[in-house]
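**Q** Dropping a structure here in C-alpha cells format, bear with me for questions.
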Amino acid sequence: MKIVHLCTGYPITFNGGITNYVRALASMQVKNGYDVTVIGGKEKETKNLPFKYIEYNDFFLRPFSLKEKKEIFAYKKIEKIISTLKPDLLHIHMMLDIDERIYKILEKYNIKYIVSLHDYSFLCPRIQMFTNERPCECVSEKCTKCAYYIEQRFWLKKICDKLKINKEIGRKRSPQFLKMYEENKKTLENAELLLPVSKKVQEIYEKSNIKNKYKILHIGNITADSFVEYSNKEIEDKTKIKIVMLGSFKKVKGGEEFIKIANSLNETFEFYFLGRANENEKIIMRENGIIDCGEYKQEELPKKLKKYDFGCVLSIWEDNAPQVVMELLNNNIPVIGTLMGGIPDFIEDNQNGFLYNPYSQESFENLIQRLNKLNIEECERMKHNIKRTLTPEEHFKELEAEYIKILKDIEKNEKINN
C-alpha cells in the first residue's frame with residue numbers, strides 16, 4: 001500500500017502533537033510493510049528517518065498566516081509533488097502553508113484522500129476557534145470581524161513584533177476568513193472520510209456545515225504501552241492531597257483556572273506545576289502557593305508523577321484531544337478536567353476524575369465542594385478505576401482497517417463504473 005502523509009507547516013522532526021503523531025504513525029506503517037512518504041516542512045539538517053521525506057516550503061506562504069493564500073508558485077509546487085507521487089491514498093493531517101485550492105489538484109489527478117481532524121485549522125486561521133475570551137461554537141459571520149488589519153499582513157506583523165508595537169489596533173475586519181473556510185470546506189467534503197480525534201471536534205465541524213462521513217479515532221499515546229493497573233502503596237503523607245497541573249501554564253490552557261482552584265480549596269491540598277511557563281507565570285505561581293517543578297520529558301513522567309494524587313487539565317478552549325490527559329491516566333493519576341474539547345472523551349466524572357464547566361460559576365463551586373470532601377482513600381479508589389488509553393499499535397490497527405475499507409470501496413466503485 002502506497003501512503004502519502006501531508007503534514008506541512010513544521011518540519012516532521014518538530015516536537016509537537018501532530019508532527020510527533022505523524023512521525024510515529026509513518027514509522028509504524030513502514031515497519032508493517034507500507035510504502036510511506038511524508039510531505040512536511042523544511043528541515044534544518046538531514047535526519048535519518050525510516051520513511052521517505054519530501055520538504056515543502058515556499059517564501060510566499062507562512063504557517064499561521066491570517067492572510068488569504070492564493071500564490072500561484074506555491075500552488076504549482078505542491079501540485080508537482082502530489083502528481084508525481086500518485087499514492088493509493090493521501091492522508092492529510094496539517095497544511096498550514098498550503099494553498100486552499102488543493103482540492104482542485106486532488107480532483108485533477110484523481111487522488112483519493114482522507115483527512116484527520118487533529119484541530120480546527122481547516123475552519124479557523126487562528127486554529128483554536130477562541131476569540132474575545134470565549135470559545136467559538138462554529139464558523140459564522142463573526143469570523144469576518146476576528147482579525148486586525150496588521151495581523152493579516154505578514155511583513156507589517158513582523159515589523160510590529162520587532163518594534164514591540166501592539167498589532168491589535170485599528171478596525172477588526174477579516175472577510176477572507178470565510179473565503180478560506182469555503183475553500184477548505186470543498187477539500188473536506190471531497191474526502192473519502194474525515195477522522196476527528198474527539199466527539200467535540202466532530203461536533204464543531206458538523207455545526208460548521210461540513211458534510212461528509214465521520215469516524216472518531218482517538219489517538220494512541222506511547223505512555224499506554226507501559227500502563228500497569230494501580231495497586232495500593234504506602235503513602236508517606238496521609239494528611240495532604242497533592243495536585244499537579246501538567247503541560248503549559250498559559251491562560252487558554254487553564255493557568256488561571258488552576259489558580260482559582262488553588263485559592264478555593266482547604267489546607268488539605270498542595271499544588272504543583274510540571275511544564276512550560278514564562279517568568280511572569282512563574283511569579284504568579286509563587287504568589288499563589290503553587291510550586292513550579294520545571295519542564296519534563298515524556299519518558300520522565302512515570303517517576304515524576306508517583307508523588308501526586310490528582311492531575312489537572314483545565315483548558316478553556318475546545319482543546320481537541322489533549323495528550324496530557326492520556327499521560328496522566330496512563331500513569332495512574334485521576335484528572336480534574338474541564339468540559340471542553342476532547343477532555344470528556346477520557347474522563348468519567350467521579351470515576352477516574354472530576355469534570356466541570358469553566359464558564360459556569362455554579363459548576364465551579366460544585367467542583368470545589370466535592371474536592372473539599374476528598375480524602376486519601378477516595379483518591380486511591382479513583383486510581384483503581386483508571387483504565388489505560390489506546391496504545392499507538394492499537395490506533396494503527398484501527399486506522400489500517402479504515403484504509404483497507406476505503407481502498408476496497410474505491411476498487412469496487414471503479415469496477416462498477418467500468
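The values are calculated or read from the model by the stated rules, or taken from the named source; none is laboratory data. What you see is a predicted model, and the numbers here were worked out from it, not measured in a lab. Please note: Cβ atoms are built from the backbone with ideal geometry, for glycine as well, and neighbour counts cover all protein chains shown. What goes into the accessible areas is simple: the full protein's heavy atoms, side chains included, and nothing from ligands, DNA or RNA. Shrake-Rupley method; radii C 1.70, N 1.55, O 1.52, S 1.80 Å.
**Q** Given the residues PHE64, PHE73, which is the only one that is surrounded by fewer than 17 Cβ atoms within 10 Å (Cβ to Cβ) and more than 23 Å from the chain's Cα centre (by Cα)?
**A** PHE73
**Q** Out of ILE216, ILE241, ILE222, I need the residue that is open to solvent by less than 50 Å² (accessible area, probe 1.4 Å) and under 24 Å from PRO344 (Cβ atoms). Which one?
**A** When all the criteria are applied, what remains is ILE241.
**Q** Here's a check for you: in region 349-407, which residue that is assigned to a loop (DSSP other than H, G, I, E, B) and among the hydroxyl-bearing types (Ser, Thr, Tyr) is nearest to GLY311 (Cα to Cα)?
**A** Per the stated criteria, the residue is THR389.
**Q** What tally of residues in region 69-98 results from selecting those that are assigned to a loop (DSSP other than H, G, I, E, B) and touching a strand residue (DSSP E or B) at 6+ places or on another chain (Cβ under 7 Å)? Write out each step before concluding.
**A** Going residue by residue through region 69-98, those that are assigned to a loop (DSSP other than H, G, I, E, B) are 69-71, 86-88, 96-98.
Right, trim to touching a strand residue (DSSP E or B) at 6+ places or on another chain (Cβ under 7 Å) and you get 69, 71, 87-88, 96-98.
The total comes to 7.
**Q** Still on this model: Given the criteria of a type in the set (Phe, Trp, Tyr), open to solvent by less than 40 Å² (accessible area, probe 1.4 Å) and over 27 Å from TYR120 (Cβ atoms), does TYR34 qualify?
**A** Yes; evaluated as a whole, the condition is true for this residue.
**Q** Kindly provide the set of residues from region 1-31 that are open to solvent by 20 Å² or more (accessible area, probe 1.4 Å) and hydrophobic (A, V, I, L, M, F, W, C), ordered by number.
**A** Within region 1-31, MET1, PHE14, ILE18, ALA24, MET28, VAL30 meet the criteria.
**Q** Given the conditions (1) part of a loop (DSSP other than H, G, I, E, B); (2) free of Cβ contacts under 8 Å to residues at least 40 places away in the same chain, report the number of the one that PHE122 does not fulfil.
**A** Result: PHE122 passes all but (2).
**Q** Which one is least open to solvent (accessible area, probe 1.4 Å) among residues in region 150-169 that are assigned to a loop (DSSP other than H, G, I, E, B) and closer than 14 Å to LEU66 by Cβ?
**A** Applying the filter and picking the extreme gives LYS167.
**Q** Of all residues in region 272-325, count the ones that are of a type in the set (A, V, I, L, M, F, W, C), open to solvent by 10 Å² or more (accessible area, probe 1.4 Å) and assigned to a helix (DSSP H, G or I).
**A** 3
**Q** Considering each of TYR120, TYR109, TYR103, TYR56 in turn, give the residue that is of a type in the set (Phe, Trp, Tyr), open to solvent by less than 10 Å² (accessible area, probe 1.4 Å), modelled with pLDDT of 85 or more and under 23 Å from GLU182 (Cβ atoms).
**A** After ruling out the rest, the residue left standing is TYR120.
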